[in-house]
Amino acid sequence: MERRCRVSGTLNLLIGLAMGLNLLALASSRLPTLIGAVAVQGVVLGVMPLLMEHQFDWIVALVALGTMAVKGFVIPGLLRRAMRTASVDREVEPSIGFVASLLLGSGGTIAAVALSRALPLLPEHAGSLLVPGSIASVLTGFVLLIGRSKAISQVCGYLVLENGIYLFGLLLIHATPLLVEAGILLDVTVGIFVTGIIVDRIQRAFDSLDTRKLNVLRE
Amino acid sequence: MLFVMSLGPLLFAAVFGQLASLLASRRMPKLWLTLTLAGFALALTAAVLVLATGIEWEWRSAFPLCGEPLHLRLDAISALFLALLAVVGGAGSVYAGGYWPDRVHPLSAPAGRLWWSVLVFSLFVTLLSSNGLHFLIGWELFTLSAYYLITLDRQRVEVRSAGWLYLGASHVGMVCLFAFFAALASQTGSWELGPMCEHAKLAPLFWLALVGFGLKSGMFPLHVWLPSAHANAPSHVSAMLSGMTLKMGIYGLVRFSGWLPVPVAAGWTVASLGVASAVLGVAFALGQHDLKRLLAYHSVENIGIILVGLGFALVALTHGDAAWGRLALAGALLHVWNHGLFKSLLFLGAGSVLHATGTREMSRLGGLWRAMPWTAGLFALGAAAISGLPPLNGFVSEWLVFLGLFDATVSHGTATWTAVPAAILLGVTGALALACFVKVCGVVFLGAPRSDAAAHAHDSGPSLRGPMLLLAAACVAIGLAPVLFWPAIARAVGEWKPAWQGTDAPAPLLTLGWVHLALAALATAAAVWLWRKAQRSGFRRALTWDCGYAAPTTRMQYTAGSFAGIITEWFAWILRPSRHEQRPDELFSASASFEEHTPETVLEHLVQPVGTVVMRVSTAVRRLQQGKLQAYLLYLLVGVAGLAALVMSGDGP
């Protein structure tokens, strides 16, 4: 019982860290910082399944390792490479200002905490920050997607959004751990590949990665 | 029994004749004409057999087509319309060869034949099928093929816009019919059609049918598409559209008001719409300067007369199946035939005028009687028939409707109070129609030619004259011997309402037949006597409105607008004529002009403003579509948040 409390305390600490990284991602004005924030968030989230298990399970350990590797190193590495090869400016170019983004993000976090009180949760999840952290990350991801115009920052937005979904998925880790995780990871990897190809195409067609220029494609 | 056995093969042969003509339409015009006419002849034989003997033909296929087994049925009501289709379609097919020949229209003439065959085939399907799904398929197919026929001459921009309006309006009606048949199928559990008066809960569906079929029939105020479509189509197509496809709307109304229960208010509504169509249709016709547009508005008027008859028959149902309803319905159904005959005759006549002079503007015509005696004579006969003058067919059917209304008047019920104004307004309609056709015949055929084209007109050839002669002969036959045609009408009435079965002609109809014969004989005798007298004493040809001028010019004649000026002034509140006048401001003024034009009021003052508002809203909504990924994500977020709020508030599922 005591261990459980301690574990839950550590878990909440990590989720709080992830929520802080959300705000860092919103506030960062340079792409490398943004990518770094997302990478650290990925590693933090990857540790969580290990903490949630009471005894060692090699499947869960595998999933955790895979998550850390993909989210913390492979995808950020790909993004940094894309940034270098497409020689993008390091500026983020926000369409929603940093202060406004931060306000939206923190407002969203507060709203998420308030909202999760109203949700009918299982008693063992009541004290944890899993649900508010997940909703806050989804909202942050949306703010990044809506408020940033470069394709790479869009990818970061998707990653933060996916991290939120992953957090929610942790609620179900006892039910279908491998399936949920593998599915989400596969989605993200495919999404990153597709986006990587699109980034390349956008760069070639428009000589820029500004997705606002895509609106010449509307009918 | 032998008849029943022969009906199926006859009808299948007719349908296959049409299908075969479809294949022949491109390359072999002669074969196409033969096959089409053969198909019509077979269909007419089948229809006459059903109407003369009162038997019914029904056939179900063992195999499904488009998911439903075929169910064909030919009863007296569908036979009535099938017979009209055969006569009008046959006349139009022959006329098309002379009016829209391959050497003048190398591209559109074969296309016209193709779509004509498709139109006729789909009309066959619609009239014969007794399954909601196949009915809808036939209906949609004939709507579309009519669109291609209207826009045969689609190089001209007004033809394209008329076709577009027709297509739009037809599909509004089509949506109503989809809703009607789908609701019917879901409430009865099958697409099968047939008498189902015992299901009282089906009654509200009548309103959907009224809008759907009413749009096709061109009743006021759903007629907005009709004048431009009928004016801009080639004349044989106008004749088919006006003579037959408008009647498909009436067919739908008659068919489903007979099979399904109707709401109590249905009769009054149909009758009021009929009176409005009749009076306003002829008022709009009086304001027109375009010959074919004027005829198109007369279709609205005649549909109105048919609807008055049908409406009062429906009223009679709520008054314990009163016998006057039978007369009113018989008048309406006979008027379906009559209007189909004389309106196609008039459109073919207008087509001959257009063919000879190249213009539909009445202010450029005039004096054509001398150049085109056949066309003028036949057109005048059609004009007399449509104005309801004895001894022609228009009088017979209008008189039957009047008889029904008069009997309703003396029935001392609530029907009295509506039958009296309806009868008066129908009388007004007849008088106005007469005035309108005096104007048409006077301006187009009498007087002096107003343009070079009219001066050098020539009469049309036999392929144009023949169909007109056939239609005119049918008009005269129904006028002189109405008793011969009564059993057919009575069988259709009995099919609609089994309580009104019986083929004994009402006594007044017998009298009317004799009076018409006597009138015709007297008129012939008077004409022969006058002709002899003129031959003996010699005569001098002069202009119609010479008025004693020594050297009259053509510009001194009455124009179409001035002829009807007084009457259009009475209806200025609805016609809203637009005038541009420049009055002479001094003695011997060098310039003065007057121009008047009657727009389609309902279209310009009702439909177009609504359309403008819809377009404005759509343009505003379209700003949301801006091609920015970020914006779409925002919409997504707002949508999801809205759904979440809906679920959380407990209103959602």
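The values are calculated or read from the model by the stated rules, or taken from the named source; none is laboratory data. The structure displayed is predicted, hence computed values, not measured ones. For neighbour counting, all protein chains shown are included, and Cβ atoms are generated from backbone atoms with ideal geometry for every residue, glycine included.
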For region B:292-335, how many residues meet the condition of being of a type in the set (S, T, N, Q) and either within 11 Å of the chain's Cα centre (by Cα) or buried (at least 24 other Cβ atoms within 10 Å of the Cβ) (or both)? 2
Would you pick out the residues in region B:445-476 that are in a helix (DSSP H, G or I), surrounded by fewer than 22 Cβ atoms within 10 Å (Cβ to Cβ) and at pLDDT below 90? B:Asp452, B:Ala453, B:Ala455, B:Pro462, B:Ser463
Checklist (1) outside any loop (DSSP other than H, G, I, E, B); (2) modelled with pLDDT under 85; (3) within 12 Å of chain A (Cβ to nearest Cβ) applied to B:Ala641, failing item: (2)
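What tally of residues in region A:145-155 results from selecting those that are part of a helix (DSSP H, G or I) and either touching a His at 6+ places or on another chain (Cβ under 8 Å) or more than 10 Å from every other protein chain (Cβ to nearest Cβ) (or both)?
3
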Please work out if B:Pro110 is outside any loop (DSSP other than H, G, I, E, B) and out of contact with any helix residue (DSSP H, G or I) (no Cβ under 7 Å at 6 or more places or on another chain). yes
Read through the list (1) surrounded by fewer than 23 Cβ atoms within 10 Å (Cβ to Cβ); (2) over 15 Å from the mean Cα position of the chain (by Cα); (3) more than 27 Å from A:Ala61 (Cβ to Cβ); (4) of a type outside the set (Lys, Arg), then give the number of the only condition that A:Ala151 fails. (1)
As an exercise: evaluate B:Gly442 against (1) at positive phi; (2) surrounded by fewer than 19 Cβ atoms within 10 Å (Cβ to Cβ) and give the number of the one condition it does not meet. (1)
Could you please tell me which pairs satisfy a Cβ distance under 7 Å, a separation of 6+ or placement on different chains, a first residue in region B:475-496 that is in the same structural domain as B:Val336 (by TED's automatic domain parsing), and a second residue that is among the basic types (Lys, Arg)? B:Val493/B:Arg326
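Give B:Leu636, B:Leu587, B:Leu575 a once-over and let me know the one that is touching a residue at least 24 places away in the same chain (Cβ under 8 Å) and not assigned by TED's automatic domain parsing to the domain that holds B:Cys441.
Answer to the check: B:Leu575.
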The residue from B:Leu65, B:Leu107, B:Leu114 that alone is modelled with pLDDT under 95 and under 19 Å from B:Gly8 (Cα atoms) is B:Leu65
Would you check if A:Ala69 is within 14 Å of chain B (Cβ to nearest Cβ) and either assigned to a loop (DSSP other than H, G, I, E, B) or on the phi < 0 side of the Ramachandran plot (or both)? no
Which is of a type in the set (Gly, Ala, Ser), within 21 Å of B:Ala422 (Cα to Cα) and either in the same structural domain as B:Trp417 (by TED's automatic domain parsing) or at pLDDT below 95 (or both), of B:Gly311, B:Gly287, B:Gly243? B:Gly311
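Examine region A:111-118 for a residue that is among the polar types (S, T, N, Q), buried (at least 20 other Cβ atoms within 10 Å of the Cβ) and within 14 Å of chain B (Cβ to nearest Cβ), and state whether such a residue exists. If you could, list the steps in order and put the result at the bottom.
The first filter runs over region A:111-118 and keeps only residues among the polar types (S, T, N, Q), leaving A:116.
Adding the requirement that they be buried (at least 20 other Cβ atoms within 10 Å of the Cβ) leaves A:116.
If we keep only those that are within 14 Å of chain B (Cβ to nearest Cβ) as well, we get A:116.
Looking for residues that are among the polar types (S, T, N, Q), buried (at least 20 other Cβ atoms within 10 Å of the Cβ) and within 14 Å of chain B (Cβ to nearest Cβ), one finds at least one in region A:111-118, hence yes.
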Over region B:383-414, the set of residues under 18 Å from B:Ile306 (Cβ atoms) and not in a helix (DSSP H, G or I) is B:Ser387, B:Gly388, B:Leu392
Any residue that is farther than 30 Å from B:Gly447 by Cα, of a type in the set (S, T, N, Q) and within 14 Å of chain A (Cβ to nearest Cβ) - is there at least one of those in region B:645-652? yes
Which count do you get for residues in region B:595-629 that are part of a loop (DSSP other than H, G, I, E, B), away from chain A (no Cβ under 14 Å) and free of Cβ contacts under 8 Å to residues at least 60 places away in the same chain? 1
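If you check B:Arg73, B:Arg27, which single one turns out to be surrounded by fewer than 21 Cβ atoms within 10 Å (Cβ to Cβ) and outside any strand (DSSP E or B)? Break it down into steps so the answer makes sense when it comes.
On the way: B:Arg73 fails: outside any strand (DSSP E or B).
Result of the check over B:Arg73, B:Arg27: B:Arg27.
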Just name the residue that is nearest to A:Leu31 (Cα to Cα) out of those in region A:59-109 that are at pLDDT 80 or above and of a type in the set (Val, Ile, Thr). A:Ile75
Just checking, does region B:206-220 include any residue being in contact (Cβ under 8 Å) with a residue 12 or more places away in the chain and either in contact with a His (Cβ under 8 Å, 6 or more places away or on another chain) or charged (D, E, K, R) (or both)? yes
